[in-house]
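Q: Before we start, here is the structure in question, set down as structure tokens.
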Amino acid sequence: MIRRGIRISVSLLVVCLLSLGSALAADKVKGKGVITLRSGNTLTVETDEGTTTVIVTPDTKVQHPIGLGARKKQVGQEVLIPGLKLKFEGTGDQSQVTAETITFDQDDLSLAKVIQAGLNPTAQQQSKNMETYQANKNATDAEIAANQAAIAAAKQEIEANQQRIAANQAGIDEVAKATAKRFSELGDFVVKRDYTVYFATGDYSISEADRQALADLARHALTYQKGYVIQVAAFADSVGTAANNQVLSKERAQAVVAYLLQDCGVPVARIVSPGAMGETNPAASNETASGRSENRRAEVKLLVNKGIVASGGN
């Protein structure tokens, strides 16, 4: 009887230890940072605490907020590209996490795509180097030595890319700080030029005439070497829900900003946006069709520092 009691006690102890081990192994981990490298379903993320390896599985939810509420939209895992700021939650520890959810902001994805566009030529060169290596696997010793040198150069390029990503992240953070500072200092600026882009109902595409007008405003802005910003604020009429109109006004602001950045060559640090204003500050009454058409707009203003204007600048 005593031996049986001992066996039962030992069995219970083993079960408790296994349960405790499972609980510890399944610790929840949260974090945020920037993707510096992606290899298949493995992300290398730089956080404030160091480097974390984030494993993405088919069950991982990748999402971004929409509207003003807590709603989130799920998207494909292909958006997880180097340069993207994100938040992750899953199981593991600070060195490696199997992600259950990954959340990012649409603005951060746009900036990450700009970063990737700049790194594309280097990535293509790396691909060519690796193809050369595969084609010459059975070559002479001298050719093999040359291939090894090419591989070493490719590795150096990868390290350089990682440094560029880190530098771009520092630039993104600097832009965010500079933007906040510019908003607080807008009282020291005067409007030199302005233009209003109008949109169709539920749409955020820019007409050819508006593109030409924005290009003219950008050309004038670029004549200033310093002391100017371009402010973009977009609006919607009252058709539909307030939440949807908030999202629509943001898409309109982003469309204008993308055109100024990509087609007009305006530096990203010179744009104060996106100002998603939703249904606020209507330019006309929403009770009439003509009034609503005036409210579906994006206001673009070239602001120049008062000191430059006073000194006789453009």
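Each reported figure results from applying straightforward, stated rules to the coordinates on display, with no laboratory input. Keep in mind that this is a model prediction, so the values were computed, not measured. All Cβ positions, glycine included, derive from the backbone under ideal geometry; neighbour counts span all protein chains shown.
Q: Let's see if you can work this out: charge +1 on each Lys and Arg Cβ, -1 on each Asp and Glu Cβ, no other charges. What is the dipole magnitude of the range 26-104 about its Cα centre, in debye to the nearest 20? Could you put the intermediate results ahead of the total?
A: Numbers: 10 positive and 9 negative charges, 87 e Å.
The calculation lands at about 420 debye.
Q: Thinking of the range 185-310 as a set of Cα atoms, what percent of all their pairs are more than 17 Å apart? Intermediate values should be presented prior to the final figure.
A: Details: 4315 of 7875 pairs.
Here the long-distance tail beyond 17 Å is 55 percent of all Cα pairs in the range 185-310.
Q: Under a crude label model (7 Å from the Cα following the beta-carbon direction), how far is Glu89 from Lys30 in nanometres?
A: Taking the simple label geometry, Glu89 and Lys30 are separated by 0.6 nm.
Q: Could you give P(r) for the range 26-104, binned at 5 Å from zero, as whole percent values over all Cα-Cα pairs?
A: Binned Cα distances yield the sequence 3, 16, 30, 27, 14, 7, 2.
Q: Then there's this: Ranking request for peptides 197-205, 83-91: highest mean number of other beta-carbon atoms within 10 Å first, then the rest in descending order.
A: Details: 197-205: 15.9, 83-91: 20.1.
Going by the mean number of other Cβ atoms within 10 Å, highest first, we get 83-91, 197-205.
Q: Taking 0.36 nm per residue of separation and subtracting the Cα-Cα distance, what length does fully extending Ala167 through Glu49 add?
A: That pair, Ala167 and Glu49, stretches by 40.7 nm at full extension.
Q: Moving on to the next point. For the pair Lys128 and Lys61, what calculated FRET efficiency results from E = 1/(1 + (r/R0)^6), where r is the Cβ-Cβ distance and R0 = 41 Å, to the nearest 0.05? Present the calculation step by step, with values, prior to reporting the outcome.
A: Values: r = 36 Å, r/R0 = 0.89.
In this case the efficiency is close to 0.65.
Q: Contour minus end-to-end for Ser238 and Arg193, with contour as 0.36 nm per residue of separation and end-to-end as the Cα-Cα distance?
A: Numbers: separation 45, 0.36 × 45 = 16.20 nm, distance 2.80 nm.
Gain in length upon complete extension: 13.4 nm.
Q: Report the gain in length on full extension from Asp216 to Ala150: 0.36 nm times residue separation, minus Cα-Cα distance, nm rounded to one decimal. Please list the in-between numbers first.
A: Values: separation 66, 0.36 × 66 = 23.76 nm, distance 4.63 nm.
Contour length minus the Cα-Cα distance gives 19.1 nm.
Q: While we're looking at this one, here's another question. Once you place label points 7 Å from the Cα toward the Cβ at Ala160 and Thr103, how far apart are they in nm?
A: 3.9 nm
Q: Still on this model: With labels modelled as points extended 7 Å from the Cα through the Cβ direction, what inter-label distance (nm, one decimal) is found for Leu37 paired with Gln77?
A: Taking the simple label geometry, Leu37 and Gln77 are separated by 1.9 nm.
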